[in-house]
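Asker: What follows is a structure written as structure tokens; I'll ask about it next.
The values are calculated or read from the model by the stated rules, or taken from the named source; none is laboratory data. Note that the structure is predicted; figures quoted are calculated from it, not measured. Because the Cβ atoms are built from the backbone with ideal geometry, glycine has one as well, and the counts that use them run over all protein chains shown.
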Amino acid sequence: MSLFTKKTPVEKSELFAGLDIGASKICCAIAKINNRPQNLQTAEHHSQLRIVGVGYQISKGIKGGNIVDLEALEDSILNAVHSAEQAASQNINSVYVNLPASSTQSHNIKAEIYLSNNAVDETHLRRLLSVNRDHSIGANRQVIHVLPLSYSLDAIGGIRDPRGMIGEKLSVNLHVVSAPVSLIRNLTSCIGRCHLDVAGYVVSPYASGLAILVEDELELGVTVIDIGGGNTTIASFSEGNLVHIASIPVGGASITNDIARGLATPLAQAERLKTLYGTLIPSSSDDRENIMITQMGETDKTQTHQIPKGMLTHIIRSRVEEMFELVASTMRNSSADPVVYQRIVLTGGTSQLQGIREIATQILGRQVRLGFPHGLTGVGEIINSPLFSTSAGLLQYGLQDYSGNPTIRLTAGKSQVWQRLNMWIKENF
């Protein structure tokens, strides 16, 4: 793909797979480049990727962004991949994998090199993007993304692409995202045991941003709040770049747990109540409308109890308000440019709760919209759901890699390069 030219058929090389390993679910999505022509009658641009297979599995073996049971995680990944391959009627060899924001760190680094009045080329950029970065992130951490925010050539700043320019000194402001070496090694080993190679790692909120943001938002400044099962991640973008990431340890599972505790009902029942009746908007009829629930530990499933719907709404609303208060506190204490917080985009499975946009607008005091994946066609309504944002972003990242995106090519980590080298050797010899 972006490193070597493979001797495989074009059709095979245009197959991408994303593996979203979350706290509550594991999703494998397989896509192909969509070569269908533009529909001139409707004046709609055709989607670049066509989803040909999706597989879901309950996530097991991972908690708080850390692997706690390697075999359980392996089984979950195998089942998700198998379901996707069956739906696509094709097998995959490699996947783009997300990393939880709770396990990653952001680093802002400035680097510079001397050019001796030579024209800037990709060799200079590679050298510049590797200067001091490993030393700056500390021991036992691995670089995942190296994102150049802006270049300066001698006294001229704000340069986006310096290639071809001539000068004496070239410097760059970098946003570097790193993850623990142990997590990368264990994930790579687990996925390898599933007979798959890792085509690349992508931090989850970065992937979500690639899937749901439009060009103007990326340029003017925007923050994505991805409410996952175990965590809520915050990713800020400005001038087309990811500039900051953060995470809070509260997510959809926290709401489910509160319902289970508050109503003394099993977790599976609590999740069902959240999905079927969950809302943040109180109604005058809530105290008169009753919901049937099963009590925790009740052996006779026919024994049910009634609770007013208003009680469920109160439990959900209280936890969501706390969640956004934590988000607001994280934003206030952030070192990022405040302009990135003027626009907020909500995504993730929990963002589908009725009334969550209004609560976010009220607490954050910002312009808020719901984010849905775009640029995709294919089977099932799930591909247009916020639940699919990370998976869609992994596929978009794979498409950029296939298309030779210079940032991805220049900043590929060492392990990613060696994985691709091994893949190329296996496919060509």
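Asker: Of the conditions (1) part of a strand (DSSP E or B); (2) not assigned by TED's automatic domain parsing to the domain that holds Asn118, Val172 clears all except one; give me its number.
Answerer: Condition (2) is where Val172 drops out.
For (1) within 12 Å of Pro308 (Cα to Cα); (2) buried (at least 18 other Cβ atoms within 10 Å of the Cβ); (3) of a type outside the set (Gly, Ala, Ser); (4) not assigned by TED's automatic domain parsing to the domain that holds Thr350, each residue gets a yes or a no:
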| site | (1), (2), (3), (4) |
| --- | --- |
| Asn257 | no, no, yes, no |
| Ala268 | no, no, no, no |
| Arg272 | no, no, yes, no |
| Thr275 | no, no, yes, no |
| Thr279 | no, no, yes, no |
| Arg288 | yes, no, yes, no |
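Asker: Another question, if that's okay. Quick one: which residue in Asp287, Asp216, Asp258 is among the charged types (D, E, K, R) and in contact with a Ser or Thr (Cβ under 8 Å, 6 or more places away or on another chain)? Before the answer, list the steps.
Answerer: On the way: Asp287 fails: in contact with a Ser or Thr (Cβ under 8 Å, 6 or more places away or on another chain); Asp216 fails: in contact with a Ser or Thr (Cβ under 8 Å, 6 or more places away or on another chain).
Just one listed residue meets the conditions, Asp258.
Asker: Using the structure shown, decide if Gly229 is surrounded by fewer than 21 Cβ atoms within 10 Å (Cβ to Cβ) and either touching a Ser or Thr at 6+ places or on another chain (Cβ under 6 Å) or part of a strand (DSSP E or B) (or both). Step through it out loud before you land on a result.
Answerer: Working: surrounded by fewer than 21 Cβ atoms within 10 Å (Cβ to Cβ): yes; either touching a Ser or Thr at 6+ places or on another chain (Cβ under 6 Å) or part of a strand (DSSP E or B) (or both): yes.
Here the answer is yes, as Gly229 does meet what is asked.
Asker: Which of the residues belonging to the stretch 365-405 are surrounded by fewer than 19 Cβ atoms within 10 Å (Cβ to Cβ), more than 18 Å from Leu218 (Cβ to Cβ) and not small (Gly, Ala, Ser)?
Answerer: Thr377, Val379, Glu381, Ile382, Asn384, Tyr402
Asker: Next question. Which members of the stretch 76-120 meet the condition of being surrounded by 18 or more Cβ atoms within 10 Å (Cβ to Cβ), in a loop (DSSP other than H, G, I, E, B) and polar (S, T, N, Q)?
Answerer: Once the filter is applied, which keeps residues that are surrounded by 18 or more Cβ atoms within 10 Å (Cβ to Cβ), in a loop (DSSP other than H, G, I, E, B) and polar (S, T, N, Q), the stretch 76-120 yields only Thr104.
Asker: Looking at (1) crowded, with 18+ Cβ neighbours inside 10 Å; (2) modelled with pLDDT of 85 or more; (3) in a helix (DSSP H, G or I), which is the one condition that is false for Thr123?
Answerer: With (1) crowded, with 18+ Cβ neighbours inside 10 Å; (2) modelled with pLDDT of 85 or more; (3) in a helix (DSSP H, G or I) applied to Thr123, the lone miss is (1).
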